[in-house]
Structures are given as structure tokens and as C-alpha cells.
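Asker: This is the structure I have questions about; it appears just below.
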Amino acid sequence: MKSNAREEISNRINIVDLIGQYVTLKRAGTKYIGLCPFHNEKTPSFSVTPERNLFYCFGCHKGGTIFDFVMEMENMTFPEALKFLGKKAGVEVNDRFENSGDNKKREALKELYRRVAGSFHYILKTSGEAEVARAYLKLRGLTDEVIEKFQIGWAPVDRSWLRKFLTEKGYSKDFLEESGIFSSRGIFYPLFSARIMFPITNNIGDVIAFSGRTLEDNGPKYINSPETEIFLKKSNLYGLSHSIKSIRENKNAVLCEGQLDVISMHQAGINNAVAPLGTAYTDNQANVLKRYADKILICFDGDSAGKKATKKAIITCEKNNLLSEVIILPEKADPADILLNEGEKALQKVLKSTINSFDYILDNAAEESDISTPEGKEAVINRLEEYLNSLSSEVRKNSCMTEIADRLGVDFYSVSTDVTKRGRNPGKVSQHETKTTNKSTEISAEMFLMIALASNREQYPYVRKRIDTEDLLDGSARGVYIALEECYRKNLNGLEDLFDRIEDREVVSLLTQKLTSGEYSINSEEIIKDTVKKIKNKSLLRKKEEIVLKLKKLSKENNEEDEVKLLSEKIFIDREIEKLRLGI
């Protein structure tokens, strides 16, 4: 790399334009602000300063240059980010970092997979042996254009071909054995042979793994690459590199079951489709999609296995603060079948047939039980409990429980009681229950004040003039206080607005429990003023103690100037303490 390549890239790339591809930014004076892409928040705390070419989040404290942003956002190493941005800026990068052992191996693996993918694709297009694969893909209705787009290939029947091909290219036996392309038994046993090959790429299009489909009845239908230094199954999605642009534009992604479903979607012009990689939809994959999308449209099969997978995917979305809807497919049909039998327009039409995720889960739970019986009603609650407990909003949770009560013909209290129970064994207390109980029974004076303020919001202006965040030692109470301040400044008085701004869900649970009891509505004004007085007095005494300790040290150093300043501060604090005592 030229010594000034990094600087040249920084000068050529506008940080606002770059980050604006990921985050909606609004100008605020000389800066730009938006919702942080690295943590969940409702109020913007993410700031971009163009004149310094820096970003910073006041919420999660992540910040830095365009290189730091891309490394964090795209899960790249620094050399990878340098190359990625260099390509955008039109700056040639021959990075000295590529000579490091780890990065050199990663780049070598990517080059190997790129070369093998190209060879598999060439064989599919030209080999007589691959005619059976070409016929199958044609039978599934795939065009040459979409086959080219996804670089679909064919692994030859000859199990010695790949070893010979790669050793002739100069690859060592040791490197190939660790590459993930061969069996753990050695390079005489390729992982893929006589299979249609689907290259798996990372989010910027590098081939990092393969999925191979057999056309025979014997053996597993699909074989996937093992995890390597460049491939983590739980963190990658099939088709993502082809879909990112469309996902960003639409702010949603279609989550399919498998590769052929994704390819069929793209052929029909639905370019925001992706799929997990042979496993359940994971938290990691949800977090990857959350970088680009606000909502996930789940499009799994309608059989029993598909319904279970759909429910799990909905819960995964909820846990990771992603909205979701479910696409209802015709019975015993998948996207590839619809494309083949009914054409592109029919598949496009299917995407408009969506159902709210909660309605989907409730309908399925009700269908699986006889809700005319007490046992059937209880079974429905059991099936819905995991979903309900994944909801971060207490308001949404209560709304869902109201709908469940209406559907089952029971009262809300019964549903709420069953859902909030922890553990079916009365003699066994769950870990979650223990944590909540501890937090509930050991409330600090500071948290007591916050709960009282949440219950009596009209008292907040009085408190904010007398208490600062530095007066609060309890971190949880400080978080609630900051949330109250945000709501006050935006004139938001609803509990949901407050709860949305508190990240600690245990604290939200505690607030819900205490506010429901009504105990903080009795003599609230007097209690709040008394608690403010105690907290402020403790804070002043702490500061006074710190000053006294500093004065003792200074007396030994004969530093009169600093000593005078500290004495002045002590006199001021003493006066403030006296004012509190007198109620001034």
C-alpha cells in the first residue's frame, strides 16, 4: 500500500454519504444524527461529524473513522475494510497488512473458493456429464440468467478431479486439508461430487462456502461446507450479497427456507430474498438483517415442520427487535413450485398475502387444540408463552394477551397469570424469577424515586431542577432518569414511551409490577420531595467527604491556591446542606 492510500481513501469518501447508505441521517447544525445501527434505540444518539470525518454513538460509545464503521458494520478485518473502501474510492490498495499470517490465510481461502466456484460453474455450462444437472435446473424453471447470477455449478462424479486440479495449481496438501472443501479423511475424499453446487457468499460477494444438492435418492439431499476461518454458518445468509441493495431500498427482507426458493424469488424480480444455511434462523442472522431491514417477511413451507420453523423465526425476530409478518403459501407449495407452475406474476402476488405474526401464531395454536375445553385453552397458552415472553414491549404483550383472552373466552387476568408463571414445578424457582425478586426486594432510594416519578410524571419538572444524574449511584435508576428526561423533552407522557427508552428489561418488569400495585400514588408529592432531599443530601455529603480528603493531602503539599479553591467548594456545599435541612 502506498503510504498515503488510507488518507487518500478518507479524503475521497464522504463519511455522511457512506454511513447514509446504512443509517437515515438528519442534519443538526454542523453534524448529522440518526438511530445507531449498533444497538437498539428509539431516540437518536448516533452522530456523524463531517468536518472531522468521524462518527460516534453516545449510547453504546462506538465511534471512529469510516474504516472503523465498515469493520463493525460489515464484520470485516481492517485489511478487508481497506480494500472494500479502496474499491469504492477508486484507490488501489496493496496493503502491507495482507502479509500478516491470519489475513494471508483468509485471503488464500477466499481465492481458493472463488477459483473452485468458477470451475464448478464452467463445468455445469459446458460438460456433457452435467447435462443431468442442466435438465434438472430447467425442470425447476430456472433461466440461464439466474443460474449465471448465482454462479450455480456442478461437482463432477470423478472424486479425484478436484484434488488433481488444485494440486496442479500449486496448493499444498496441508492447506487443502484445512480448506473445508475435502473430507476430514484427507484430500483423496472431496466433500462434493455428483452434486449441483450453490456457492455461498459473504455480504460483499466473496465465495466463502458451498452447498451441494444430490440428484440421487441415496445419501443426504444437501451437504454444506464445514465452518472455516472465513465461514460461520450461524452468521451468514444465502443470497445476501445479491439482496442487500433491494433490502435497503425496501427496508424489508423475505426469509425463505432454502437456496432454490431464494433463486426462484430473484428470478421473479423479488430481489430481497435470503435464506438460512441448513439450520434454524439464528440471532446472529437476525442481527445481520437488522443492519439493512426494519421488517422480515417469513416465507416457509406450510407443512408442520415449516410451521414450527416459522414460529421460531418470529420469536427470533422479536428477541432482536425486528418486526415480522408471515407470507401464506398455497398448501403443499414452495416458491420454486409456484414459479414453475404458475409463473413470476403468481409468485409476486403471493408476497402480498401476508398475516401479522401474532395472528399467525395464535391461529396455529388455536387450530392445534380443542379450545372448547379447559385443557385445550391451557394448551394454547402453553404454545404462546414463549412468543409472549419474547416481546420487549409490555403494551404489545398486554394487547396480545387481551386478544388471546377474547379468542379463548376467558378473562385477561387468567391469561396474564398463566403467562407470567415461571416453572411448572411449584417447589422450584427459576433463575429469572430469582433475579427479578432480588431486584424487586432490594430497591434503592434512587430507584424508589424513579418508580414514584414514573407513576407521577407531573412531579418530574420539580425533580429535574434538584437532581442531576451525577447524584445517582444506582445505574438502573440513572437509566430510568435519562429515559424520563428524554420523554419530558419530547412531551411524551405514555408509559410505553418511557418503557421503550429503558434498555434493561428487568427494570421495565419491576416498573410494571410496582406501578400496577398503585402504592406509589399515595401521598406521592410528599414522598417524592422527601426522597429528593435524602438523595441530594447524600450526594452533597459524598462530595464534601471527597473535598476533605483532598484538603488533607494538600495540607502536606503547601499548595495554597488549590487549597483555597477546595475550601470555597466546601463552604458552598455546607450551605447547600444547610438549605436542605431548613427546607429552603
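The values are calculated or read from the model by the stated rules, or taken from the named source; none is laboratory data. Predicted model only: the values in this text are computed from it and were never measured. FYI the Cβ positions are ideal-geometry reconstructions off the backbone, even for glycines, and counts take in every protein chain you see. Calculation scope for accessible area: heavy atoms of the full protein, side chains included, ligands and nucleic acids excluded. Shrake-Rupley method; radii C 1.70, N 1.55, O 1.52, S 1.80 Å.
Asker: Assigned to a helix (DSSP H, G or I), touching a Ser or Thr at 6+ places or on another chain (Cβ under 8 Å) and at pLDDT below 80: does that describe N103?
Answerer: Yes: the conditions hold for N103.
Asker: In addition: Taking only the range 227-240 into account, find how many residues are more than 24 Å from I147 (Cβ to Cβ) and part of a strand (DSSP E or B).
Answerer: Of the residues in the range 227-240, 1 are more than 24 Å from I147 (Cβ to Cβ) and part of a strand (DSSP E or B).
Asker: Mind listing whichever residues of the range 388-402 are more than 18 Å from the chain's Cα centre (by Cα) and closer than 14 Å to C317 by Cα?
Answerer: L388
Asker: Count, please, the residues in the range 526-563 that happen to be more than 21 Å from D468 (Cβ to Cβ) and open to solvent by less than 90 Å² (accessible area, probe 1.4 Å).
Answerer: Residues flagged as more than 21 Å from D468 (Cβ to Cβ) and open to solvent by less than 90 Å² (accessible area, probe 1.4 Å) within the range 526-563 amount to 7.
Asker: Cβ-Cβ distance below 7 Å, separation of 6 or more or different chains: which pairs start in the range 36-63 with a residue that is more than 15 Å from I19 (Cβ to Cβ) and end on one that is part of a loop (DSSP other than H, G, I, E, B) and small (G, A, S)?
Answerer: Matching pairs, first to second residue: H39/G59; E41/G59; F58/S45; G59/S45.
Asker: Tally up the residues in the range 129-160 that are of a type outside the set (S, T, N, Q), open to solvent by less than 70 Å² (accessible area, probe 1.4 Å), over 23 Å from A346 (Cα atoms) and touching a residue at least 24 places away in the same chain (Cβ under 8 Å), please.
Answerer: Residues in the range 129-160 being of a type outside the set (S, T, N, Q), open to solvent by less than 70 Å² (accessible area, probe 1.4 Å), over 23 Å from A346 (Cα atoms) and touching a residue at least 24 places away in the same chain (Cβ under 8 Å): 7 in total.
Asker: State all residues of the range 192-226 that are polar (S, T, N, Q) and part of a loop (DSSP other than H, G, I, E, B); if no residue qualifies, say none.
Answerer: Of everything in the range 192-226, those that are polar (S, T, N, Q) and part of a loop (DSSP other than H, G, I, E, B) turn out to be S193, N202, N203, N218, S225.
Asker: If I go through the range 350-381 residue by residue, how many of them are closer than 23 Å to T143 by Cα and either without any contact (Cβ under 8 Å) to a residue 24 or more places away in the chain or not in a loop (DSSP other than H, G, I, E, B) (or both)?
Answerer: Total meeting the criteria: 1.
Asker: What is the residue count in the range 470-489 for residues that are more than 27 Å from the chain's Cα centre (by Cα), open to solvent by 60 Å² or more (accessible area, probe 1.4 Å) and touching a residue at least 12 places away in the same chain (Cβ under 8 Å)?
Answerer: Final tally of qualifying residues: 3.
Asker: When the range 25-75 is examined, which residues are found to be aliphatic (A, V, I, L, M), open to solvent by 40 Å² or more (accessible area, probe 1.4 Å) and in a strand (DSSP E or B)?
Answerer: First, the residues of the range 25-75 that are aliphatic (A, V, I, L, M): 25, 28, 33, 35, 48, 54, 66, 70-71, 73.
After this cut, where a residue has to be open to solvent by 40 Å² or more (accessible area, probe 1.4 Å) as well, the list is 28, 33, 35, 54, 71.
Within the range 25-75, A28, I33, L54 meet the criteria.
Asker: D337 - would you say it is in a loop (DSSP other than H, G, I, E, B), modelled with pLDDT of 85 or more and surrounded by fewer than 22 Cβ atoms within 10 Å (Cβ to Cβ)?
Answerer: Answer is no for this residue.
Asker: Among all residue pairs at least 6 apart or on different chains, which show Cβ distances below 7 Å where the first residue, located in the range 245-259, is part of a loop (DSSP other than H, G, I, E, B) and the second is buried (at least 23 other Cβ atoms within 10 Å of the Cβ)?
Answerer: So the pair list comes out as K251/A293; E257/A275; E257/F300; G258/A275.
Asker: I need the full set of residues from the range 317-360 which are out of contact with any strand residue (DSSP E or B) (no Cβ under 9 Å at 6 or more places or on another chain) and within 19 Å of N287 (Cβ to Cβ), in order please.
Answerer: Once the filter is applied, which keeps residues that are out of contact with any strand residue (DSSP E or B) (no Cβ under 9 Å at 6 or more places or on another chain) and within 19 Å of N287 (Cβ to Cβ), the range 317-360 yields K319, N320, N321.
Asker: From L384, L347, L329, grab the single residue that is part of a loop (DSSP other than H, G, I, E, B), buried (at least 17 other Cβ atoms within 10 Å of the Cβ) and either within 30 Å of the chain's Cα centre (by Cα) or of a type in the set (S, T, N, Q) (or both). Walk me through how you get there before you give the answer.
Answerer: Numbers: L384 fails: part of a loop (DSSP other than H, G, I, E, B); L347 fails: part of a loop (DSSP other than H, G, I, E, B).
Exactly one of L384, L347, L329 is part of a loop (DSSP other than H, G, I, E, B), buried (at least 17 other Cβ atoms within 10 Å of the Cβ) and either within 30 Å of the chain's Cα centre (by Cα) or of a type in the set (S, T, N, Q) (or both), namely L329.
Asker: Working only within the range 450-480, note down all residues that are in contact with a helix residue (DSSP H, G or I) (Cβ under 6 Å, 6 or more places away or on another chain), assigned to a helix (DSSP H, G or I) and within 13 Å of S539 (Cβ to Cβ).
Answerer: T469, D471, A477, R478
Asker: Shifting gears a bit: Select from the range 290-312 the residues that are modelled with pLDDT under 90 and either under 18 Å from the mean Cα position of the chain (by Cα) or under 30 Å from V70 (Cα atoms) (or both) and write down the one among them that is most open to solvent (accessible area, probe 1.4 Å).
Answerer: Out of the qualifying residues, it is D294.
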